[in-house]
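Down below is the structure, laid out as structure tokens.
Every number in this text was worked out from the coordinates using simple rules, so none of it is lab data. Keep in mind that this is a model prediction, so the values were computed, not measured. Positions of Cβ are backbone-derived with ideal geometry, glycine not excepted, and every protein chain shown enters the neighbour counts.
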Amino acid sequence: MAYPYRHEKETRILSECFGDPSARTVAGWKKHGGYQGIARALEIGRDATIEDVKASGLRGRGGAGFPTGLKWSFMPKNTGRPHYLLCNADESEPGTFKDREIIRWTPHQLIEGCLVGSYAIGAAHCYIYLRGEFFETTQILARALEEAYAEGLVGRDIMGSGVDIDITLHVGAGAYICGEETGLMNSLEGRRGEPRIKPPFPAAVGAFGMPTTINNVETLAATAHIARHGGEWYRQWGTDKSPGTKLFCVSGHVNRPGNYEFPLGFPMMELIEDVCGGMRDGKALKAVIPGGSSVPIMSAEDCRACTLCYEGVEAAGSMLGCASVIVMDENTDIVKQVRRMAYFYTHESCGQCTPCREGTAWATRILRRIEDGLGTEDDLDTLIQISEQMTGTTICVLSDSLAMPIISSIEKFREDYLALIRRGERVGAA
Amino acid sequence: MADNGRKADTVTLTIDGHEVTVPKGTSLLHAAETLGVEVPHYCYHPGLSAPAQCRICLVEVEGAPKLQPSCVTMAQDGQVVHTESAQARRMRQGVLEFYLVNHPLDCPICDMSGECKLQDYVFNEGREHGRGREPKRVFGRDDFGGDVLYYGDRCVMCTRCVRFMDEVARDGRLTVVERGDRAVIDTFFESGLDGASFAGNIVDICPVGALVSKDFLHKARAWDLDHTESVCPNCSQGCNIDLHTRDNLVQRLKPRENPEVNGHWMCDYGRANYEWLNRPGRLEAPAVGRGDKRRASDWQHALHALFERLAEAEGASVRVVGSAFSSNEALDALRALAEQAGTLQAGVFRARRAEDEDPLPGFPILVRRRDLAPNVDGAGILGFTRVGDDDGTGGLEEAADHDGVLIVVGDELADQDESFGAKAGLFVYLGTFDSPAARNADFVLPLTTFAEEEGTFVNAQGRVQRFRQGLRGPGTAQPAWLVLGTLAAALTGGDRPVSAADAFASIVQRHAAFGGLIWEGVGSAGAALEAAHA
Ligand SMILES: Cc1cc2nc3c(=O)[nH]c(=O)nc-3n(C[C@H](O)[C@H](O)[C@H](O)COP(=O)(O)O)c2cc1C
Ligand code: SF4
Ligand code: SF4
Ligand code: SF4
Ligand code: FES
């Protein structure tokens, strides 16, 4: 099956083989230059590999945008203890569907990235933590991994280098919070998926109490290419602060939703209007959530001059997150949309921290009441205060992740709320 | 000035404008405590790990981007901390408001009311009126087995109970089920906490009324209870406890912190066994005369008559039976009197002995000992010999047939029959309950229990521990040390003891093991007997 949509303006580094099942085998992947990255890394050594990744300026694609090379350099040296690389393939952020596609079409791209990362941080074991619902994805990856083991690319003495790297697949049970890095570690260890307090940081005490690095699927996939071509090569794309290319998961009311790969800094309106074929049914743009559900919502106005890189989206008042662009047209009921998202966070809160456990649920109930036409204007103040009380007060940022959309939606779409509260009118589609 | 003498292993910081120096590795919460500032906290408990999840202990640390959980943030040199800044107070108020979103506010029927940390904190700094208008989530009540009931709606999800079972009892029978605001505490199997031997502690550490004791359910309001420092009388560990009393009855026992003995904990066996202190039908007044000739008397006449009989008996062979439930003061006064009255043949006592001991794995200093009485070790040190079987019976053949002076203190002689002491020249029975085996006693004298008097026990670690008076004794019952000490003083012409402190002082004089101890020095936490002597 051909991949749903492509666009000639794309720069396809990670997504080159999307839609092409032939790249799922070792031989197929090698035709595209596969396994040259790890070969070169093994040749230049650990430190040089980390330096390459540092030089590339690659930033974590899991949402926080932390510089990957720097993260790798935090790993202690010569501890005599096992180190672990964890690959975060829990991809559960609403609106996000890039990691799944990387694994489905190019499982060896991820395997190679895991090898590069493991080698660089001195890990002899890498766990790929897969979202529980990724059934087909997991099967494809498992088959590829089996082949990679058979070909001597993974396991003992990889590619005759004397280096041992094992990769284990671990399938989660379907909890968003297990995508949070320390929640993932607890889950991997067989505990409740609850984030841990930091410090200690994973590089000191991570999975199984050992020094650990955790990276997103897309991040690791990118390191396979960086290892092959060097850090400077990667900087030919993107901006100074956001180098490289990135997969944009566009969903919502556009004509051609899907995964598109562009250099960071690509204009948001061009993505929507040109690449995605514009708004569905010629409707007007109302709002965009640019980085997965956990970031502030943007009005159509905010989008005009926004460029899709970390600093560009921040300047427009939101965050790039994992670059999951959710596009909403004029018929969107923002209150309902926010309430539905709030319900998601309520459902997915692990429940450890009081502000998150109680705040998410309470906010959802207030939003539901407003949606039902029973709200008051005081409720908006209450919602904003609850959100403030949920910001910066918890162990992980799931709590903040709901606070941001609530606050920004009330700030930017107050009229939608007031229409419901004052006149019982739903703005947007019935 | 304080800085001059500062050692490398301390740090000096400022909390709410006051400078304080604390050992390195002290949390901000504890550092504040040294200044008398209580930072509200739920999940943190000094006997457990610190998950920093309740988020109510957040304080402002200058220079930090966010508020910091004071329970896990370690004090550092030069830190400037504000527990009362507008930001810290606002956040606390916010967290407290969250706690009330689903809380049923059923204080009027909640056993924790009056000592509940949610009540306290909300009263101190919560919002005056809640803003919640939505219906509350309802979980209802769950029987956890053992003595524990769980009221899910009152739970603040601090997980202290789960962590106690995991980390201290090392018997992971509780867990958090579900997540988000659906999270509740639950047991794994139907048996729940049945058969767990330390689970009662989770009721104590639950900061709210979510875990309550079935035994205590709706029995008394917290503010109606008097608290008396005491020692658990149910085994020779001697856990430090408080007696909670009302209407001159013990209502419950609660552990009192002592890091050397029981930490914050006590065992369920000890906790459950207090009803015997409330048992009715006590001896209330002295009686004089054997068998059918027994007549009610009063202390003045009875003691006078008894003094004359003892004086007459001078040089006689004396046997005494003590008890491992008696205080050191009672036992030593008994021994002193016996030595004064004649030639002491033997001082014996009996005590039940359990088949096994039961240590608390996460705090192994605390062991429910095999000896199921509080002063087995004290009795031994004071020269009494243990006799009889592990069930606390037998071993009194010689005493039963003794033809000299026979004095029984605190042993109810439950296994003996009416022939006990029939051959004795003088048989004195001092106790809390009458007994068929006391029929031949020439004097039957009413005693107070340890809960009705002051005194000390020596526990299995060789630690002298004081208990205080929490109940009034019935009628004219007296502490044994007072009765026996008065008689001994009359025989020698010395001073009679007027307080337990006097009685203790004479132990110190007579027994090297107690050397150097003073009554005040034993204090609330007890004092170790000198190892060399013990
Ligand atoms: C609630 C929550 C959920 C998250 N879910 C994911 C996820 O599904 N996948 C992911 O890669 N990162 C997720 N993250 C981010 C991770 O914690 C972590 O930052 C990331 O895996 C680090 O990888 P990177 O540096 O390569 O981005 C989540 C974070 C939070 C707070
Ligand atoms: S913020 Fe929410 S999801 Fe994160 S650890 Fe706390 S309760 Fe769990
Ligand atoms: S039952 Fe009590 S101790 Fe256990 S989590 Fe709830 S509030 Fe905490
Ligand atoms: S261990 Fe012994 S002293 Fe401690 S509570 Fe139990 S019975 Fe009482
Ligand atoms: S006491 Fe510090 S977070 Fe709970």
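Points to keep in mind about this one:
- For the stretch B:319-339, backbone nitrogen atoms closer than 20 Å to the point 7 Å from B:Asp502 Cα along Cα-to-C-beta are found at B:327-339.
- The calculated FRET efficiency for B:Thr14 paired with B:Asp194, based on their beta-carbon distance and R0 = 56 Å, is about 0.65.
- Net charge dipole, chain B: roughly 1060 debye, given to the nearest 20, about the Cα centre with Cβ charges of +1 for Lys and Arg and -1 for Asp and Glu.
- A:Lys241-A:Ala64 FRET efficiency (beta carbon distance; Förster radius 22 Å; 0.05 resolution): 0.95
- Span-rule helices in chain A, defined as complete DSSP H runs reaching 20 Å or more along the axis (Cα) with Kyte mean at least -1.0: A:107-121, A:135-150, A:334-348, A:354-371, A:398-412
- Shielding of B:176-188 by partner chains, average beta-carbon count, 10 Å: 5
- Label-to-label distance for B:Thr34 and A:Lys283 is 6.3 nm, based on points extended 7 Å past Cα in the beta-carbon direction.
- Shape box of the protein assembly as shown [Cα atoms, principal axes, largest first, Å]: 122, 73, 62
- Spin-label pair B:Leu105/B:Ala296, simplified geometry with 7 Å Cα→Cβ offset, distance in nm: 5.6
- Taking one quarter of the surface of the C-alpha convex hull of the stretch A:245-329 gives a mean projected area of 4.3 nm².
- Projecting label points 7 angstrom from Cα along Cα→Cβ for B:Arg510 and B:Leu491 puts them 1.0 nm apart.
- A dipole drawn for the stretch B:405-534 from +1 and -1 charges on Cβ atoms has a positive end, and of B:Gly516, B:Ser435, B:Leu484 the residue lying farthest that way is B:Gly516.
- Projecting the Cα positions of B:Pro46, A:Ser161, B:Gly315 onto the charge dipole of the protein assembly as shown (unit charges on Cβ atoms of Lys, Arg, Asp and Glu, taken about the Cα centre) puts A:Ser161 furthest along the positive direction.
- Per residue of A:341-354, other chain Cβ atoms within 10 Å of the residue Cβ number 5 on average.
- Rounded to whole numbers, the Karplus 3J(HN,Hα) couplings from phi for the stretch B:86-92 are 4, 5, 5, 5, 5, 5, 4 Hz, using 6.51 cos²θ - 1.76 cosθ + 1.60 with θ = phi - 60°, and x at Gly and Pro.
- Shown in residue order for the stretch A:92-97 are the 3J(HN,Hα) couplings computed by the Karplus curve 6.51 cos²θ - 1.76 cosθ + 1.60 at θ = phi - 60°: 10, 5, x, x, 10, 8 Hz (x for Gly and Pro).
- Paramagnetic reach from B:Thr476 (point 7 Å along Cα→Cβ, amide N under 18 Å) across the stretch B:448-462: B:448-449
- In this calculation the C-beta distance from B:Asn124 to B:Phe433 is compared with R0 = 45 Å, giving a FRET efficiency of 0.40.
- Computed over the protein assembly as shown, the per-residue total of -39500 (n - 2.57) for DSSP H runs of n ≥ 4 gives a 222 nm mean residue ellipticity of -8500 deg cm²/dmol, rounded to 500.
- Residues listed by number, the stretch B:134-174, amide nitrogen under 17 Å from B:Asp215 label point at 7 Å toward C-beta: B:144-150
- Cβ-based charge dipole, the stretch A:109-196, positive-most Cα from A:Ile140, A:Gly183, A:Gly172: A:Gly183
- Within straight-line reach of A:Lys30, meaning a Cα separation under 27 Å, sit the following lysines at least 8 residues removed in sequence or on another chain: A:Lys9, A:Lys54, A:Lys98, A:Lys246.
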